Amino acid sequence: MESHAVVFTQANQVDYRKIACPEPGPEDVVIELHHSWISNGTEGSFLRGERISGDVAWRPGDPAPFPMVAGYQKVGRVLHAGAAVRRFAPGDWVFASMSKVTGMFDDKFAGHVSPSVCSQGSVMALPAGPDPVAFSGLVLTQVGYNCGTRSPVKPGQLALVIGDGLVGQWTGQTLAQLGAKVVMIGRHPDRLARFERYGTTLASGSDNGLAAMHARGFGPIQVLVETAGSSRALPDYLPSMARGGHMVIAGFYQAAGAVDLQAAMQQFRHVEISFDLVSGATQERLETTLEWVAAGRLDTLGCITHRFPVERAAEAWTLIETKREPVLGVILDWPAARK
């Protein structure tokens, strides 16, 4: 089956082109995309050749992970439902994650492609009423929800979010919904301004915001969520953590050789810090996140700064990589949305 897709052809090269997809089977749903949401961090690291799959960092000697169909989240309308599909019918508005493609470095990791051939298990019905665009970044929104709900935070306790990107934004929103006193530390004044209605914002500087935190007298920190990939943040903030506090690790970290895990964790043991490592998605979390977005408990539309016709995907990526102007959430609008 012929489709169009956003393809990373080599490091830092983006093309919108025709590709081949397998013919749909009885368990598959074919979706005509209207909107897809770029995951700036994950997709960007693939575009730069920094990882070869999921959380696996590229190492010298590994093959270059190209060509690759970028992305993993989109919304559109069903064109075809296989004979064994019972929950979807042509015309339904749906969210989908991974699609099936052929001829790529990884034929399973494919998002920005239309028509999309998707296993019915990766497809979810959208509720009537809200703008479908609000759900087009659902996997990433779910990561933020996951970060925010992992810790046993109580109303009024201090929660620190390091990183002002999309995951950080939705983590902070989730913690605020749970009643935490949220502080976000980030490097981008425009992104921090978007979060001010949910909590306090501080510029990170060269010390992960430690001086600013101390100047404001914040502490002790009950929950720390690291979303920016700063390997120094956890030990740097350890003296400011509450005994029995909780750390959530959500950043992507480059390969750095062997680690003696027992020795590395010893410093946290004496303060009885607990940890969660978050990655990926589960059906239950996706469903709950969808409900939160539909109910207005998580704001996604307010995180969108740019929209591009999908044919200009390379231009979108130039903006994301150069940050020549403030950028956060970037949507690709497909031809079906412009009919």
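The values are calculated or read from the model by the stated rules, or taken from the named source; none is laboratory data. Predicted model only: the values in this text are computed from it and were never measured. Note that we place each Cβ from the backbone using ideal geometry, even for glycine, and neighbour counts take in every protein chain shown. Protein only, heavy atoms only, side chains kept; ligands, DNA and RNA dropped before computing areas. Shrake-Rupley method; radii C 1.70, N 1.55, O 1.52, S 1.80 Å.
Just the ratio, please: alpha-carbon radius of gyration of the range 30-187 over 2.2 N^0.38 Å, N its number of residues. List each step's numbers first, then the result.
Details: Rg = 17.9 Å, N = 158, 2.2 N^0.38 = 15.1 Å.
Against the compact-globule rule of thumb, the ratio is 1.19.
Backbone geometry of the range 61-66 corresponds, through the Karplus equation with coefficients 6.51, -1.76 and 1.60 at θ = phi - 60°, to 3J(HN,Hα) couplings of x, 6, x, 5, x, 9 Hz, x marking Gly and Pro.
Can you pull out the trypsin sites (Lys or Arg not before Pro) in the range 1-101 whose DSSP state is coil and whose Cβ has at most 16 other Cβ atoms within 10 Å? Present the calculation step by step, with values, prior to reporting the outcome.
Values: sites: R17, K18, R48, R51, K74, R77, R86, R87, K100; in loops: R48, R86, R87, K100.
Qualifying residues, ordered by number: R48, R86, R87.
Give me the number: length gained by fully extending D107 to K339, i.e. 0.36 nm times residue separation minus the C-alpha to C-alpha distance, one decimal in nm. If you can, show how the numbers build up before the last one.
Numbers: separation 232, 0.36 × 232 = 83.52 nm, distance 2.95 nm.
Roughly 80.6 nm would be gained on extension.
Taking the chain as the region of interest, the number of lysine pairs whose Cα atoms are within less than 22 Å, with members eight or more places apart or on different chains, is 9.
Around the Cα centre of the chain, unit charges on the Cβ atoms of Lys, Arg, Asp and Glu (plus for the first two, minus for the last two) sum to a dipole of about 580 debye.
Per-residue accessible area (protein heavy atoms, 1.4 Å probe) orders F95, F252 as F252, F95, starting from the largest. The stretch between A211 and A264, if pulled fully straight at 0.36 nm per residue, gains 16.6 nm over its current Cα-Cα span. Taking label positions 7 Å along the Cα-Cβ direction at both R232 and R77, the computed distance is 5.3 nm, reported to one decimal.
With an 8 Å cut-off on Cα pairs and a minimum separation of 6 or more residues, tell me the relative contact order of the chain in percent. Intermediate results must be reported in sequence, preceding the final value.
Working: 737 pairs, mean separation 60.2, N = 339.
RCO, the chain: 18 percent.
Accessible area per residue for the chain is 43 Å², calculated with a 1.4 Å probe on protein heavy atoms, without ligands, DNA or RNA.
How large a share of the accessible area of the range 206-339, in percent, is made up of carbon and sulfur atoms when the probe is 1.4 Å and the other protein chains stay in place? That fraction is 51 percent.
Close amide H pairs (under 5 Å, H built 1.01 Å from N) link K181 with G156, Q157, L158, A159, residues at least 5 positions away or on another chain. With respect to the chain, whose longest principal axis is taken over its alpha-carbon atoms, helix 283-295 is tilted by about 80°. Helix content alone sets the calculated 222 nm mean residue ellipticity of the chain: runs of n ≥ 4 DSSP H residues at -39500 (n - 2.57) each, divided across all residues, give -7000 deg cm²/dmol. Shape summary: the chain maps onto an equivalent ellipsoid whose semi-axes, from the alpha-carbon gyration tensor, are 35, 22, 19 Å in decreasing order. Taking the protein heavy atoms of the range 1-111 in the context of the full set of protein chains, the accessible area attributed to carbon and sulfur is 52 percent at 1.4 Å. Placing unit charges on each Cβ (+1 for Lys and Arg, -1 for Asp and Glu) gives the chain a dipole about its Cα centre, and among S204, V310, C21 the Cα reaching farthest toward its positive end belongs to S204.
Between helix 313-322 and the chain there is an angle of about 10 degrees, using the helix long axis and the longest principal axis of the Cα atoms. Cβ-Cβ distance of A89 and R59, R₀ of 45 Å, FRET efficiency by 1/(1 + (r/R0)^6): the value works out to about 0.50. The H on the amide N of F252, modeled in the peptide plane, is under 5 Å from the matching H of G229, each at least 5 residues off or on a different chain. Work from the charge dipole of the chain (Cβ charges, +1 for Lys and Arg, -1 for Asp and Glu, about the Cα centre) and give the residue of G168, M184, V123 farthest towards its positive end. Most positive-ward Cα: M184. In the assembled protein chains, M104 presents an accessible area of approximately 30 Å² (probe radius 1.4 Å). Can you compute the label reach from R197? Point 7 Å from Cα along the Cβ direction, backbone N cut-off under 13 Å, restricted to the range 284-307. Only 296-304 pass the distance filter. Taking every protein chain into account, the 1.4 Å probe leaves Y16 with about 60 Å² of accessible area, to the nearest ten. When the chain is described by a simple charge dipole with +1 on each Lys and Arg Cβ and -1 on each Asp and Glu Cβ, the residue from S114, V153, G103 located farthest towards its positive end is V153.
May I ask you to give the average projected area over all directions of the convex hull of the Cα atoms of the range 2-54, in nm² rounded to one decimal? Walk me through the numbers before you get to the answer.
Values: hull surface 19.1 nm².
Result: a mean projected hull area of 4.8 nm².
The C-alpha atoms of the chain define a longest principal axis, and helix 138-149 lies at about 20 degrees to it.
For the range 136-205, state which trypsin sites (Lys or Arg not before Pro) are in a DSSP loop and have at most 13 other beta carbons lying within 10 Å of their beta carbon. Of the trypsin sites (Lys or Arg not before Pro), the ones in loops of the range 136-205 whose Cβ has at most 13 other Cβ atoms within 10 Å are R197.
Summarising the amide proton neighbourhood of I273: residues at separation of 5 or more, or on other chains, whose placed amide H is nearer than 5 Å comprise G244.
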